[in-house]
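The values are calculated or read from the model by the stated rules, or taken from the named source; none is laboratory data. Just so you know, these numbers come straight off a predicted model, no measurement behind them. Neighbour counts run over all protein chains shown; Cβ positions are idealised from the backbone, glycine included. Surface accessibility is based on the protein's heavy atoms, side chains included, excluding ligands, DNA and RNA. Shrake-Rupley method; radii C 1.70, N 1.55, O 1.52, S 1.80 Å.
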Amino acid sequence: MTDAKTRAILEVAGEILEREGAQAVSTRSVAAAAGIRAASLYQLFGDKDGLLAALAVHAFDLYLSEKHTLEPTDDPVADMRRGWDMHVDFGLRHPALYLLMFGTDRPGRRPPAAAEADRLLLTFLDRVAAVGRLRVPPDVAASLATAAIIGVTLTLIGLPADDRDPTLSARMRDTLIDSIVTDPAPAADPGLASRALALDAAVATAGTLPLRPTETALLRDWLDRLAR
């Protein structure tokens, strides 16, 4: 089958998932809804686990297509807020898909596309570091941000719409950002840790440097120590 046909099948599976839940998604039900033979579906995805794994990747593709529409501005912290709001909004619009993406039923199992979402987050955080406003190294900030945003989104999904606190996401977002981002610092003294993070971000994106690879690695190790 063509990629377009496979995508159409996954869209049908996604509709069943969001309408009836994961228990209703099977090779038989999806094949019937897509108008194909169950044997053809089995050849593409194998069993139900294979179908759900492919559907999770499809869900990440939908998520990332929305993420990529967020054009960066000259204020990376404001861009972080926009990225947070888009993430939570996606989860509330596609709760069943979101649970499939982030509510894993097996420790350590994440769809490959999740790595691209992580890369986008680190790109945001590297921009914050480059302007000297990150309190902690980007990898630490990414872990904190991921835990906070998935936690608040799953919490909201688990509540009836009428019981959701409309301010919860924004309050969690601002608490998280305040904990990992500094206020715009006076030009005279941005702080040693922020300077180290900014220099490390510059080194990471500079391309060719007048240093040997071992020297570059040692410099980045020193900068990482100064930032912690």
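For residues in the stretch 176-190 being open to solvent by 50 Å² or more (accessible area, probe 1.4 Å) and over 16 Å from Ala130 (Cα atoms), which is modelled with the lowest pLDDT? Checking each candidate, the answer is Ala188. Among the residues of the stretch 147-174, the one identified as surrounded by fewer than 16 Cβ atoms within 10 Å (Cβ to Cβ) and within 12 Å of the chain's Cα centre (by Cα) is Ala147. Within the stretch 132-158, residues that are touching a residue at least 40 places away in the same chain (Cβ under 8 Å) and under 17 Å from Asp89 (Cβ atoms) reach partners that are open to solvent by 40 Å² or more (accessible area, probe 1.4 Å) and part of a helix (DSSP H, G or I) with beta carbons closer than 6 Å, at six or more positions or on different chains, in the pairs Val152/Met172; Ile157/Pro95. Selection of the stretch 201-226 for residues being part of a helix (DSSP H, G or I), within 15 Å of Ala130 (Cβ to Cβ) and at pLDDT below 80 yields Ala202, Val203, Ala204, Thr205. Of the helices (runs of 4 or more DSSP H) lying entirely inside the stretch 1-88, those containing at least 3 residues that are closer than 26 Å to Arg119 by Cβ span 3-20, 48-67.
When residues in the stretch 90-115 are screened for being open to solvent by 50 Å² or more (accessible area, probe 1.4 Å), more than 16 Å from Gly151 (Cβ to Cβ) and modelled with pLDDT of 75 or more, 2 of them pass.
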